[in-house]
Structure formats: structure tokens, C-alpha cells
Amino acid sequence: MAKVFRSPARHGYAVEVSPFIPNRVACAASQYYGIAGCGTLLVLDETETGVALVRSWEWSDGLFDVAWSEANEHVLVAGGGDGSLQLWDTNNHSAPLRVAKEHTQEVYAVDWSQTRGENLIVSGSWDQTAKVWDPALSRSLTTLRGHEGVIYSTIWSPHIPGCFASASGDGTLRVWDVKSAVCRLAIPAHKAEILSCDWCKYDQNIVVTGSVDCTVCVWDLRNIRQPVNQMLGHAYAIRRVKFSPFSKTVLASCSYDFTVRFWDLSRNQPLLDTVEHHSEFVCGLDFNLHIPNQVVDCSWDETVKIYTPACLSAATHKREKSWSKSSAWS
């Protein structure tokens, strides 16, 4: 059974589980489906009986993505419809610690670097740029241009320092080198907008994309002529894709078809299950890093749900601890 938090008149765009506190989740939500009105940032704790509100903040525009600090358990960053990034602290009840406003259009993606010895934020915007920031948001360190459409997703590599992937409305997946401020790879991954991408946690060469064309594609960056896997099943655009932190081959996708699907790339028929527990677009999706197979999602139906899908809890997947030792794409 899923545990449910209801956020009346707030439509969920993104969720992320805390890297420090196993039962804590942040959710970025917006009024009026993000088209108008304000935004709300929610911090929630799973309890024995349900989901409790820890903290909430209002913002003057819609909020579209959220990421926890990888260095401070109290701090998180959100991306707004006004082109801003805001730094929030759960110990500070009123205003953000800092607001950075360099993007000229909506910030649709934010991510905090997970690589050891690195403490950076990346943002992706409808202004077609990605920006890399210091952890205090005092200024952007670099602006990366090259996409010819809206940037919907920016995700740091968990393996390679100073490297992130971006997915865009121009149909390309790009891989960037922050130190050199250049695009290392541009993959024409879909013939439609790409709304999401994610890195495999066990292989530095594997990236997944989810597109408006209803397909989930898995790419090996050493050979980008065609995807190594293409999964069909969703009926409408795929809003977010996430690799499991506990299995090299398991991933999840959520969609405007109101479903969340779970896949295992090692199977001939990769679809493990389809979860249909929302009544609107499912926009936010994350795996819990601490609790194997626990998933959090959020939807425009004004709910955040925490659950363990039956297909993953069946203990069919042994935790894979062997990191790939294959050569890198770069």
C-alpha cells in the first residue's frame, strides 16, 4: 500500500529523497498546473502511519524541480518559473537563504553533484542554456550553450567529476565537460522532445532518456548510433526516468498517461509492472537511496505517494555491488 500526502491546489512537478535522512522527501509543486500562480516547496517525512509535513515554503512563481544538497542535510535548491534558483534551509522557516536569477526563462531542472570532492549545482532552463553554480548560488561559474530547444533535464554523472547530461526539446541528449565548458557528445536520441535523462549508477557509459514519443531509450555512450534498449508501453509522453540505485538493470519511468512503469533491462520482456495509482499526469519520480526498492512519485492529482512496487519487493533483484570496470566513452 502506498502512503499518501495530499497537497490541495498544488500540482506536483518533482520529488527527491534526502541523501541523508532515509524517510525525508522534498516535493516541488505549482498552482494551476504550473501555468500561472505561485509555487510551493514541501519537505515531507514518512511516518509509521503516513506522510507528515515537516516544512513548506511559498514562492511567487511555479516550482518545477528540486534537489537536496549532497553536503548539508538541511539545504535544498529549487528551480522556478521566474528563471530563479532558490536555496532553502529547513532550519529557516521564512525566506530562502539566497535567490539567483540569471536564467531569462523558466528553470525546469536542478541537480546537485554527487561526485566526491565536488560541490556544484547545475540548472537547465527554457532559455536553452545550462548553468553551473557554486553551492552558495553566489554566481554561476559557467553557462553552457548548444541546445536548440528548451532544456528539460540536467543530471550530474555519479561517476565522472565535472560531467553532466542534458535532455532537450531539440531531441538531443548532450554530455558536457564543465571544466572545458564544452559539449563532449550530442546524440540525436529521439525525433521528439526529450523530457528526462538519468545515468546508470553502476556503469559510467550508460544513460537513459524518456521522450514525448512514448519511448524509453538506453544509450551506451561508447556507441551512440542506436540505443542498446528501447522500451515501449507508455501511451503518452514520458516525463521522468530514473535508474535504480540498487540494481544495474532496473529503472522506472513516469508519464502523462498517469502511470509509473518499472523495467529490467536484463529480461527479454523488460516491463516488470505498470503502477496505475494516479488520476493525472505523473511528473515526479525517485528511488529511495536508503531503503531498497522504495519509490516516491508525485502527480498533478495533488498527491505525493511513497510505496514499494510489488515487482521490486519480490526479492528477484539482488543488490549489485560490482561497479563496471569497462573503458569510458570519453
Among the numbered criteria (1) open to solvent by less than 30 Å² (accessible area, probe 1.4 Å); (2) touching a Leu at 6+ places or on another chain (Cβ under 7 Å); (3) of a type in the set (A, V, I, L, M, F, W, C); (4) over 20 Å from residue 218 (Cβ atoms), which single criterion is violated by residue 181?
(1)
Which number in (1) surrounded by fewer than 19 Cβ atoms within 10 Å (Cβ to Cβ); (2) within 16 Å of the chain's Cα centre (by Cα); (3) of a type in the set (Val, Ile, Thr) marks the one condition that residue 142 misses?
(2)
Sort out which residues of segment 273-297 are of a type in the set (A, V, I, L, M, F, W, C) and either open to solvent by 40 Å² or more (accessible area, probe 1.4 Å) or in a loop (DSSP other than H, G, I, E, B) (or both), and write them in order of number.
281, 289, 291
Leading residue by the ranking (most open to solvent (accessible area, probe 1.4 Å)) among those in segment 298-318 that are among the β-branched types (Val, Ile, Thr) and either modelled with pLDDT of 95 or more or on the phi > 0 side of the Ramachandran plot (or both)
308
Can you name the condition, by its number, that residue 16 falls short on among (1) open to solvent by less than 10 Å² (accessible area, probe 1.4 Å); (2) in contact with an Asp or Glu (Cβ under 6 Å, 6 or more places away or on another chain)?
(1)
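Of all residues being among the basic types (Lys, Arg) and assigned to a loop (DSSP other than H, G, I, E, B) in segment 102-139, which is most open to solvent (accessible area, probe 1.4 Å)? Just the residue, please. Spell out how you get there, then give the answer.
Restricting attention to segment 102-139, the residues satisfying the condition of being among the basic types (Lys, Arg) are 116, 131, 139.
Those left that are additionally assigned to a loop (DSSP other than H, G, I, E, B): 116, 139.
Details: 116: 225, 139: 136 Å².
Only one residue fits best here, namely 116.
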Would you confirm, using the coordinates I've provided, whether residue 252 is open to solvent by 10 Å² or more (accessible area, probe 1.4 Å), aliphatic (A, V, I, L, M) and either under 14 Å from residue 312 (Cα atoms) or at pLDDT 95 or above (or both)?
no
Odd one out for residue 99 among (1) open to solvent by less than 50 Å² (accessible area, probe 1.4 Å); (2) touching a Leu at 6+ places or on another chain (Cβ under 8 Å):
(1)
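The values are calculated or read from the model by the stated rules, or taken from the named source; none is laboratory data. Note that this is a predicted model, so its numbers are computed, not measured. Positions of Cβ are generated from backbone atoms using ideal geometry, with glycine treated the same way; all protein chains shown enter the neighbour counts. What goes into the accessible areas is simple: the full protein's heavy atoms, side chains included, and nothing from ligands, DNA or RNA. Shrake-Rupley method; radii C 1.70, N 1.55, O 1.52, S 1.80 Å.
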